[in-house]
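Contents: one structure, followed by commentary.
The values are calculated or read from the model by the stated rules, or taken from the named source; none is laboratory data. Please read all numbers here as calculations on a predicted model, not as lab measurements. Here the Cβ positions follow ideal geometry from the backbone for every residue, glycine too, while neighbour counts run over all protein chains shown. For accessibility, only protein heavy atoms count, side chains too; no ligands or nucleic acids. Shrake-Rupley method; radii C 1.70, N 1.55, O 1.52, S 1.80 Å.
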Amino acid sequence: MKTLVLHHADCLRHDPGQHHAETPARVSAVLNGICDLPGTEALPAPVATLEQVSRVHANEYWEQLVELEPPGESGEGQVVALDPDTFLSAGSIDATLRGSGAACFAIDQIIAGRAKNAFCATRPPGHHAEAGIAMGFCLLNHAAVAARHAQAVHGIERIAILDFDVHHGNGTQAIFQDSPEVLYVSSHQMPLYPGTGHENDTGCGNILNLPLPPHSGSKEFRSAWSSGGLPALERFRPELVIISAGFDAHQRDPLAQMELQDEDFAWITTQICSYAQAQCGARVVSILEGGYDLDALASASAAHVSALAD
């Protein structure tokens, strides 16, 4: 079986503006980096259904986003600010639906035995979106939608969400902080946006935050996961692993001050897959989150997907 790479051209339509870091070129860079990697198969990302979205996000919140989106061709070039960082353009709704849809479809394919694992090369990202709040470039929380889909449709009882984006996934933590059946582990730079993710934030015992100081590199990152995150994963014994795969902890990224290299992203991916192989039949779904230097994003995502496909 192969590693699925899920993408759709709709993900290029979300355009928060010329000077915004979360540019359509990000996903193009990822696709250029991972195209033709051995052991992968590309498939189109479907649109998430309202039922899938509403397991996490209130209908009133979603309806408001749909209403605020600039209209079709007449709205090209227009943006609506949801906060100082987060915008809607014509095409944003379809783009974010492809992100959640890709993650849910990936779970369906893996559980059906039609794929080894999967990487969702979609945008905008999702881990900052709370149940009723868009923020941090994020509209829908794709990892959360996927987790609730796995529970509701496939009866999966224990899910681990592992997040190595340089920013803390405040939305994911907020959504699951009272859900003992979901483990959330996040390594992230601190201090940094959004200012959450302290070590003493433990939810109902299911949250593990691994904050790292600026200029942390391979040694600090690998130590945090080796001594904290990976043992927590082993103790939890999930039936499914979802990765919030942000590559903005890379040394070249402009939005943070971490010093990871491509090899570090390959290492953590290999470690996660090894645990998943032993615990849950290698069921791993990875979802693109951050990463804002295009060259670093291309090479780090290639290292990540190569490790998934190994």
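Numbers at a glance
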{"item": "Only listed residue being open to solvent by less than 10 Å² (accessible area, probe 1.4 Å) and among the aromatic types (Phe, Trp, Tyr), chosen from 119, 137, 105", "result": "119"}
{"item": "Output for the range 233-247, where each listed residue is crowded, with 23+ Cβ neighbours inside 10 Å, part of a loop (DSSP other than H, G, I, E, B) and out of contact with any Asp or Glu (no Cβ under 8 Å at 6 or more places or on another chain)", "result": "238"}
{"item": "Residue match in the range 220-231 (condition: part of a loop (DSSP other than H, G, I, E, B), modelled with pLDDT of 95 or more and farther than 23 Å from residue 121 by Cα)", "result": "no"}
{"item": "Every residue from the range 1-24 that is aliphatic (A, V, I, L, M), open to solvent by 40 Å² or more (accessible area, probe 1.4 Å) and touching a residue at least 24 places away in the same chain (Cβ under 8 Å)", "result": "1, 12"}
{"item": "Qualifying residue in the range 248-257 (condition: part of a helix (DSSP H, G or I) and hydrophobic (A, V, I, L, M, F, W, C))", "result": "no"}
{"item": "Residue, nearest to residue 165 (Cα to Cα), within the range 184-206, restricted to residues that are open to solvent by 10 Å² or more (accessible area, probe 1.4 Å), in contact (Cβ under 8 Å) with a residue 24 or more places away in the chain and in contact with a strand residue (DSSP E or B) (Cβ under 8 Å, 6 or more places away or on another chain)", "result": "194"}
{"item": "The one condition in (1) more than 28 Å from residue 150 (Cα to Cα); (2) in contact with a strand residue (DSSP E or B) (Cβ under 6 Å, 6 or more places away or on another chain); (3) hydrophobic (A, V, I, L, M, F, W, C); (4) open to solvent by less than 20 Å² (accessible area, probe 1.4 Å) that residue 81 fails to fulfil", "result": "(4)"}
{"item": "Number of the exception - residue 110 against (1) surrounded by fewer than 22 Cβ atoms within 10 Å (Cβ to Cβ); (2) closer than 23 Å to residue 163 by Cβ", "result": "(1)"}
{"item": "Subset of the range 25-59 that is among the small types (Gly, Ala, Ser) and either touching a Leu at 6+ places or on another chain (Cβ under 9 Å) or under 21 Å from residue 118 (Cβ atoms) (or both) - its residue that is most open to solvent (accessible area, probe 1.4 Å)", "result": "42"}
{"item": "Residue list for the range 253-284, restricted to those being touching a Phe, Trp or Tyr at 6+ places or on another chain (Cβ under 8 Å) and buried (at least 19 other Cβ atoms within 10 Å of the Cβ)", "result": "253, 258, 260, 264, 265, 268"}
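Condition check ((1) at pLDDT 95 or above; (2) at positive phi; (3) over 21 Å from the mean Cα position of the chain (by Cα)) across all residues:
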| position | (1), (2), (3) |
| --- | --- |
| 68 | yes, no, yes |
| 75 | no, no, yes |
| 88 | yes, no, no |
| 96 | yes, no, no |
| 106 | yes, no, no |
| 118 | yes, no, no |
| 125 | yes, no, no |
